[in-house]
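Data block below; observations after.
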Amino acid sequence: MLTKDQTLDLQVNLLVESTPDEETASAVRLIASVLKAIAQKLKHTTYFVIQDIEEGGWLLTPLSNHDSPEIEKTTIYAYCDRTPANIDRLRLNDENLECGQYNIIDMLFRLIGMKQVDSIVFFDRATETQKGIEISRTDIEELCEKQIKRAQFGLQKLNEIKNNANIA
């Protein structure tokens, strides 16, 4: 049985291996520590999402603010167990929906590219689907950008050191 840390490392490796080219793989490796740190805050390494059977697109849920109804955001619900996901799917009464299981690292990575989505709400307890942990897309984007800038700065410093060594 793998530890949570080992499982997340395996998920990162699978994500890197599934990239179409080395440039994308390098970018994924750069932000892997960010994705893993966020995933560590959640209890599970896989979650269930309601999705369209034919397109595979995740079900988007618009939410409005009670105090300011004009403020709306779009979120995705992720369930730690298939049962509550299926209960919510059945409530929607749409035969084109199913529950798909996803690795947490894949979900966080996919969220970065989903510009129409504001967040994913993760339900870590099968019996509690009213209160979840919300992970914002913009928060992940900002953390990834900082990680990339740190790496670029480090690379720049390394090149300066190499250049100075070549001059001497």
Notebook entry, point to check: When the chain is treated as a GNM, springs tying every alpha-carbon pair under 10 Å, which of Ile38, Ile112, Ile53 comes out with the largest mean-square fluctuation?
Noted result: Ile53
Checklist line | Rounded to whole Hz, the Karplus (6.51, -1.76, 1.60) HN-Hα couplings of region 92-101, x for glycine and proline | finding: 6, 6, 10, 6, 8, 10, 9, 9, x, 9
Next item on the list: Mind scanning Lys43/Lys146; Lys36/Lys146; Lys4/Lys146; Lys36/Lys73 and naming the pairs with a C-alpha gap bigger than 20 Å?
Entry: Lys43/Lys146; Lys4/Lys146; Lys36/Lys73
Check: Which loop-located trypsin sites (Lys or Arg not before Pro) does region 76-135 contain, where loop means any DSSP state but H, G, I, E or B and the Cβ has at most 16 other Cβ atoms within 10 Å?
Finding: Lys115, Lys131
Checklist line | Model label zone, Glu95; criterion: amide N under 14 Å from point 7 Å along Cα-to-beta-carbon; scope region 49-75 | finding: 53-54
Next item on the list: Go through Val16, Gln51, Leu2 and say which Cα lies farthest out towards the positive end of the charge dipole of the chain; charges sit on Cβ, +1 for Lys and Arg, -1 for Asp and Glu.
Entry: Leu2
Notebook entry, point to check: List the lysines whose alpha-carbon lies under 16 Å from that of Lys157, not counting same-chain residues fewer than 8 positions away?
Noted result: Lys149
Check: Normalised by the number of residues in region 1-131, what is the relative contact order in percent for Cα pairs under 8 Å and 6+ residues apart?
Finding: 28
Note to self: Can you compute the modelled spin-label distance between Ile87 and Asn163, with each label point 7 Å from Cα toward Cβ, in nm?
What the structure shows: 6.2
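Using a 1.4 Å probe on the protein heavy atoms, what percent of the accessible area of the chain belongs to carbon and sulfur? Please list the in-between numbers first.
On the way: 5470 of 10670 Å².
The computed percentage sits at 51.
Per 0.36 nm of contour for each residue apart, how much would the distance between Glu22 and Thr138 grow if the chain were fully extended, relative to their Cα-Cα spacing?
On the way: separation 116, 0.36 × 116 = 41.76 nm, distance 2.54 nm.
Length gained between Glu22 and Thr138: 39.2 nm.
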Item checked: Dipole axis of region 27-168 (+1 Lys, Arg; -1 Asp, Glu on Cβ), positive-most option in Ala165, Ala151, Ser136 -> Ala165
Next item on the list: Quote the charge dipole size of the chain about the Cα centre in Debye, to the nearest 20; the model charges only the Cβ of Lys and Arg (+1) and of Asp and Glu (-1).
Entry: 800
Check: Using alpha carbon coordinates only, what is the Rg to Rh ratio of the chain, with Rh defined as the Kirkwood radius?
Finding: 1.07
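Highest mean first, what order results for 23-31, 59-67 on Cβ atoms within 10 Å?
Details: 23-31: 15.0, 59-67: 11.3.
By packing density, highest mean first, the sequence is 23-31, 59-67.
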Item checked: Set of region 132-154 residues, backbone N closer than 12 Å to the point 7 Å along the Cα-Cβ line of Lys115 -> none
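The values are calculated or read from the model by the stated rules, or taken from the named source; none is laboratory data. Please read these numbers as outputs of a predicted model, since none were measured by experiment. Neighbour counts are summed over all protein chains in view; Cβ atoms, including those assigned to glycine, are modelled from backbone coordinates with ideal geometry. Note: accessible area is taken over every heavy atom of the protein model, side chains too, but ligands, DNA and RNA are not part of it. Shrake-Rupley method; radii C 1.70, N 1.55, O 1.52, S 1.80 Å.
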